[in-house]
Amino acid sequence: MRLQEKVALVTGGGRGIGAATARRLAQEGAAVAIADIDQEVADAAAAGIRQDGGRAIGVGCDVSRKDQVEAMVARTVSEFSRLDILVTCAGLIRDNLAHKMSEEDWDLVIDTHLKGSFLCAQAAQAVMVKQRSGRIVLISSTSALGNRGQANYSAAKMGIQGLARTLALELGRYEITVNVVAPGFIATRMTEATAERMGITFEQMRDGFAATNPIARVGEPEDVAGAIAFFASDDASYVTGQTLYVRGAP
Ligand SMILES: NC(=O)c1ccc[n+]([C@@H]2O[C@H](COP(=O)([O-])OP(=O)(O)OC[C@H]3O[C@@H](n4cnc5c(N)ncnc54)[C@H](O)[C@@H]3O)[C@@H](O)[C@H]2O)c1
């Protein structure tokens, strides 16, 4: 129960890594606002946490829209009175080789991941600076290091690492830490969609990955949630600007 009395906001919290993170933060005692562009899944995830005895609300929000992001943070603070932890899990992919990638797919992925992370961090820090404390955890990816067919996603995910290092420099004096978790292959709707596009079953993709990864399995959303919970807790109070790869490999 490291997060008792804390208030967390998790974007993309309706599914996958975000949903597992919201559950984990709630299990550690935090009240959680679950934001998603799909309000229905956000509400369902929040209802699940309440059923388990936790405190949670669902909020509809497109993280690429400044007005919606500001409303999301305002709703969180009006419901739970403060904001201690921001985790930005909202995301999508639009893969294609660079020479075939449309301008729309470039913009959508950059706007959702990179601009979205910036807007959420900007709105959250306005509350956290006044509190003189806060934890911001942004989500990158091993694709930041380069991945065929993901020029847009890779650029956004490496951009997020630079964003975090810069925010860490600017916000440290307010006891606000900013760190990044960069997952590898995690079993979610996102990786299921990748398998579909590659014309293979999810099981084939899983097995192929497990055969070559040092820890011989794919990651589960809970594997990532554990790393995020560390950065969100006081155990990480002197750790900032770091990127932690959660990939079952060095
Ligand atoms: N699954 C993986 O292998 C993997 C690996 C590395 C990084 N990631 C990253 O982890 C994060 C979570 O991914 P996931 O695998 O859980 O995917 P997911 O598809 O299961 O969940 C993503 C959620 O984000 C929401 N979302 C999409 N666009 C949004 C927007 N504009 N505003 C608000 N919400 C929006 C979706 O509705 C969905 O509920 C993403 O940033 C993703 O890039 C995932």
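Values in this text are rule-based calculations from the coordinates and carry no lab data. This structure is a prediction, so every number in the text was calculated from the model and none was measured. Cβ placement follows ideal geometry from the backbone for every residue including glycine, while neighbour counts extend to all protein chains displayed.
Any residue at all in segment 115-133 that's closer than 20 Å to residue 146 by Cα, of a type in the set (Gly, Ala, Ser), within 12 Å of the ligand (Cβ to nearest atom) and crowded, with 17+ Cβ neighbours inside 10 Å?
First, the residues of segment 115-133 that are closer than 20 Å to residue 146 by Cα: 115, 117.
Among the residues that remain, those that are also of a type in the set (Gly, Ala, Ser) are: 117.
Checking which are within 12 Å of the ligand (Cβ to nearest atom) leaves us with 117.
Within this subset, residues satisfying the condition of being crowded, with 17+ Cβ neighbours inside 10 Å are 117.
Within segment 115-133 (the criterion being closer than 20 Å to residue 146 by Cα, of a type in the set (Gly, Ala, Ser), within 12 Å of the ligand (Cβ to nearest atom) and crowded, with 17+ Cβ neighbours inside 10 Å), the answer is yes, since at least one residue qualifies.
Name the single residue, out of those in segment 146-158 being in contact with a Phe, Trp or Tyr (Cβ under 9 Å, 6 or more places away or on another chain) and not polar (S, T, N, Q), that is surrounded by the most Cβ atoms within 10 Å (Cβ to Cβ).
Residues of segment 146-158 that are in contact with a Phe, Trp or Tyr (Cβ under 9 Å, 6 or more places away or on another chain), as a first pass: 147, 151-152, 155.
Among the residues that remain, those that are also not polar (S, T, N, Q) are: 151, 155.
Details: 151: 20, 155: 18.
So, considering only residues that are in contact with a Phe, Trp or Tyr (Cβ under 9 Å, 6 or more places away or on another chain) and not polar (S, T, N, Q), the one surrounded by the most Cβ atoms within 10 Å (Cβ to Cβ) is 151.
Take the conditions within 15 Å of the ligand (Cβ to nearest atom), touching a helix residue (DSSP H, G or I) at 6+ places or on another chain (Cβ under 6 Å) and in a helix (DSSP H, G or I) and apply them to residue 20. Does it pass? Spell out how you get there, then give the answer.
On the way: within 15 Å of the ligand (Cβ to nearest atom): yes; touching a helix residue (DSSP H, G or I) at 6+ places or on another chain (Cβ under 6 Å): yes; in a helix (DSSP H, G or I): yes.
In short, yes.
How about segment 82-114: which of its residues are within 14 Å of the ligand (Cβ to nearest atom) and in a loop (DSSP other than H, G, I, E, B)?
Hits for segment 82-114 are 89, 90, 91, 92, 93, 94, 95.
Using beta carbons and a limit of 8 Å, which pairs, at least six apart or on different chains, have the first residue in segment 176-191 and touching a residue at least 24 places away in the same chain (Cβ under 8 Å) and farther than 12 Å from residue 91 by Cβ and the second one near the ligand (Cβ under 8 Å from one of its atoms) and assigned to a strand (DSSP E or B)?
180/139; 181/139; 182/139; 184/219; 185/219; 187/219
Identify the residue in segment 54-81 that is touching an Asp or Glu at 6+ places or on another chain (Cβ under 6 Å) and not aliphatic (A, V, I, L, M) and, among all such residues, is farthest from the ligand (Cβ to nearest atom).
First, the residues of segment 54-81 that are touching an Asp or Glu at 6+ places or on another chain (Cβ under 6 Å): 57-58, 64, 68.
Filter once more, so that each one left must be not aliphatic (A, V, I, L, M): 58, 64, 68.
Working: 58: 11, 64: 5, 68: 8 Å.
This residue is 58.
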